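K.L.:
Sending over a structure as structure tokens; questions will come in a sec.
Read-outs: derived from the displayed coordinates by stated rules, not from any lab. Just so you know, these numbers come straight off a predicted model, no measurement behind them. Here Cβ is always computed from backbone atoms with ideal geometry, including for glycine, and neighbour counts include all displayed protein chains.
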Amino acid sequence: MIEAISAANEGHVIAYGDDVFTARAVKTFQRHFGRDVAVFFVFGGTGANVLGLTAVTKSYNAVVCAETAHINVDECGAPEKFSGCKLLSVPNPDGKLRVEMIKHFLHGVGFEHHVQPRVISVSQATEMGTVYTKNELKTLSAFAHKNNMLLHVDGARISNAAVSLNASFKEITADVGVDVLSFGGAKNGMMYGEAVVFFDKNHARDFKYIRKQGMHLPSKMRFISAQFDALLSGDLWKRSALHANRMAQILGAELGKIPSITLTQPVEANGVFAVIPRKYIDELQKKYFFYVWNEEISEVRFMTSFDTTEEDIEKFVALVKKTVR
Ligand SMILES: Cc1ncc(COP(=O)(O)O)c(C=O)c1O
């Protein structure tokens, strides 16, 4: 990434994305997702979600999402503030939405006293480290489209999901009926930068204005574009995500062997969720930063990344074994 940024730092180009780096990166996205996608680069993931959702909704609409969704719990209300939409959040056991959980929101369709559901938003991989299968996504998009709704994917970790499913990006987005995607760069090794991908160009018609008004039009766009090109033109995205997922597998397997630790989710991407007795958590947090995901049940979240090493895992597991009895 640093090399890509450095190479893009030669000479001068026109600002705001009218440059060869951006043209090349957009083509790279189109090779992965399909020739007809519209692609826009933004600074961060919250912005990608908020602006992507804003582009396809009106303020009287609602966005249906998992209770655990990043848009629901980790974006400080930005989706509600900027799109004006109400989020209809759904309790779930594993980060995933299913049609049976959201059907009842349709009872108010056409009734002026109720918000009108317009988008189903899922995260892939989910905030619980699980991964939607192609069929699960297809079922959700079919339900959405039948009911005049769209399917949005928060793909902050879509590379981890793709390698977990051994699928291409297109197979888990365009081919299963996804309408709008927030594509994650930072979590797979970029310094910064995310993208909003529209699978129907009509939905992208006003996006350039929405992005600028939403303060996500980088003047020095080339530095995001160059990173995306470095990530996606070869197999760097795949190698990095495979590696992160493999590290999570090792970590999950090792923690699962410790009698007083219970894994709470299958390890399908780069996250490991576990219940650890509360009394040991502070001690572990003195040496390692991690979130307590659910205070009530003392569930914690461990994440691995493109640069986690086997040695990092060994050291961490050794500390856990020494601390947790
Ligand atoms: C599921 C998910 N979506 C989106 C984001 C993007 O967040 P940010 O605005 O920090 O780039 C994150 C980051 O933690 C995430 O986990």
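K.L.:
Using a simple charge model, +1 on the beta-carbon of Lys and Arg, -1 on the beta-carbon of Asp and Glu, nothing else, what dipole does segment 1-80 show about its Cα centre, in debye to the nearest 20?
P.N.:
Charge dipole, segment 1-80, about its Cα centre: 360 debye, nearest 20.
K.L.:
Moving on to the next point. Roughly speaking, what % of Cα-Cα pairs in segment 178-238 are separated by over 14 Å, rounded to a whole number?
P.N.:
Of all Cα-Cα pairs in segment 178-238, 62 percent lie more than 14 Å apart.
K.L.:
Taking the alpha-carbon distance from Lys279 and a cut-off under 14 Å, which aspartates and glutamates remain once sequence neighbours fewer than 8 residues away in the same chain are dropped?
P.N.:
The qualifying aspartates and glutamates are Glu295, Glu296, Glu299.
K.L.:
With springs only between Cα atoms under 10 Å apart, run a GNM on the chain and tell me which of His145, His12, His32 wobbles the most.
P.N.:
Looking only at His145, His12, His32, the biggest GNM fluctuation is shown by His12.
K.L.:
Enumerate the calculated ³J(HN,Hα) couplings along segment 186-195 in order (Karplus 6.51 cos²θ - 1.76 cosθ + 1.60, θ = phi - 60°), each rounded to whole Hz, writing x wherever the residue is Gly or Pro.
P.N.:
Once rounded to whole Hz, the list reads 4, 6, 10, x, 6, 5, 5, x, 9, 9.
K.L.:
While we're here: Using only the Cα atoms of segment 204-246, what do you get for the radius of gyration and for Dmax, in Å?
P.N.:
Every Cα atom of segment 204-246 included, Rg and Dmax give 14.7, 41 Å.
K.L.:
Could you name the aspartates and glutamates in cross-link range of Lys208, using Cα to Cα under 14 Å and dropping any fewer than eight places away on the same chain?
P.N.:
Candidates past the 8-residue exclusion: Asp18.
K.L.:
For the chain, what is the calculated [θ] at 222 nm in deg cm²/dmol (nearest 500), taking -39500 (n - 2.57) for each run of four or more DSSP H residues and dividing by its residue count?
P.N.:
Roughly -11500 deg cm²/dmol at 222 nm, from the helical runs in the chain.
K.L.:
What Kirkwood hydrodynamic radius, in Å, does segment 144-268 give when the mean of 1/r is taken over all pairs of distinct Cα atoms and then inverted?
P.N.:
Over segment 144-268, the inverse of the mean reciprocal pair distance is 16.7 Å.
K.L.:
Rounded to two decimals, what ratio of Rg to Rh does segment 193-325 give with C-alpha atoms and a Kirkwood Rh?
P.N.:
Rg/Rh for segment 193-325 comes to 1.12.
K.L.:
Then there is this: So what's segment 1-91 giving for Rg/Rh, alpha carbon basis, Kirkwood Rh from the mean inverse pair distance?
P.N.:
1.09
K.L.:
Pop out the ³J(HN,Hα) list for segment 2-9 in order, Karplus 6.51 cos²θ - 1.76 cosθ + 1.60 with θ = phi - 60°, rounded to Hz; leave Gly and Pro as x.
P.N.:
5, 4, 5, 5, 5, 5, 6, 8
K.L.:
On full extension of the chain, what length is gained from Tyr60 through Asp307, given 0.36 nm per residue of separation minus the C-alpha to C-alpha distance?
P.N.:
Full extension from Tyr60 to Asp307 adds 84.6 nm.
K.L.:
Report, please, the projected area of segment 19-165 averaged over directions, based on the convex hull of its C-alpha atoms, in nm².
P.N.:
Convex hull of Cα atoms, orientation-averaged projection: 9.4 nm².
K.L.:
Something else now. With no solvent and one equal point scatterer placed on each C-alpha of segment 1-50, evaluate the Debye formula and give log10 I(q)/I(0) for q = 0.15, 0.19, 0.30 Å⁻¹, two decimals.
P.N.:
-0.52, -0.82, -1.14
K.L.:
Pairs of alpha-carbon atoms within less than 8 angstrom and 6+ residues apart define the contacts here; what relative contact order does the chain have, in percent?
P.N.:
Relative contact order comes out at 21 percent.
K.L.:
Can you tell me the equivalent ellipsoid semi-axes for the chain? Use √(5λ) from the Cα gyration tensor, largest first, whole Å.
P.N.:
32, 27, 17
K.L.:
Stretch His114-Glu171 to full length: gain in nm at 0.36 nm per residue minus the Cα-Cα span?
P.N.:
Roughly 17.0 nm would be gained on extension.
K.L.:
Please list, by residue number, everything in segment 65-80 whose backbone N is under 12 Å from a paramagnetic label point 7 Å out along Cα→Cβ of Met101.
P.N.:
The answer is 65-70.
K.L.:
May I pose another question? Can you compute the label reach from Asp36? Point 7 Å from Cα along the Cβ direction, backbone N cut-off under 14 Å, restricted to segment 148-176.
P.N.:
Within reach of a label on Asp36, which here means backbone N under 14 Å from a point 7 Å along Cα→Cβ, segment 148-176 contributes 174-176.
K.L.:
Give me Ser141, Ser6 ranked fewest to most by other Cβ atoms within 10 Å of their Cβ, as a rough exposure proxy.
P.N.:
Taking fewest neighbouring Cβ atoms as first place, the list is Ser6, Ser141.
K.L.:
Using a simple spin-label model with points 7 Å from Cα along the Cα→Cβ vector, what separation in nm is obtained for Ile281 and Thr133?
P.N.:
3.3
K.L.:
Report the local net charge at Met215: Lys and Arg +1, Asp and Glu -1, summed over other residues whose C-beta lies under 15 Å from its C-beta.
P.N.:
Result for the neighbourhood of Met215: +3.
K.L.:
Which whole-Hz couplings ³J(HN,Hα) result when phi for each residue of segment 155-162 is put into the Karplus expression 6.51 cos²θ - 1.76 cosθ + 1.60, θ = phi - 60°, listed in order with x for Gly and Pro?
P.N.:
x, 3, 10, 5, 5, 5, 5, 4
K.L.:
Tell me which residues come under 5 Å, amide H to amide H, from Leu88 once H is placed; ignore anything under 5 positions away on its chain.
P.N.:
Val63, Val64, Cys65
K.L.:
State the extension gain, in nm to one decimal, for the chain segment bounded by Asn148 and Phe43, taking 0.36 nm per residue of separation less the distance between their alpha-carbons.
P.N.:
Using 0.36 nm per residue and subtracting the Cα-Cα distance, I get 34.8 nm.
K.L.:
What does DSSP give for segment 143-237 in terms of the percent of beta bridges that are antiparallel, rounded to the nearest 5?
P.N.:
Antiparallel bridges: around 50 percent, rounded to the nearest 5.
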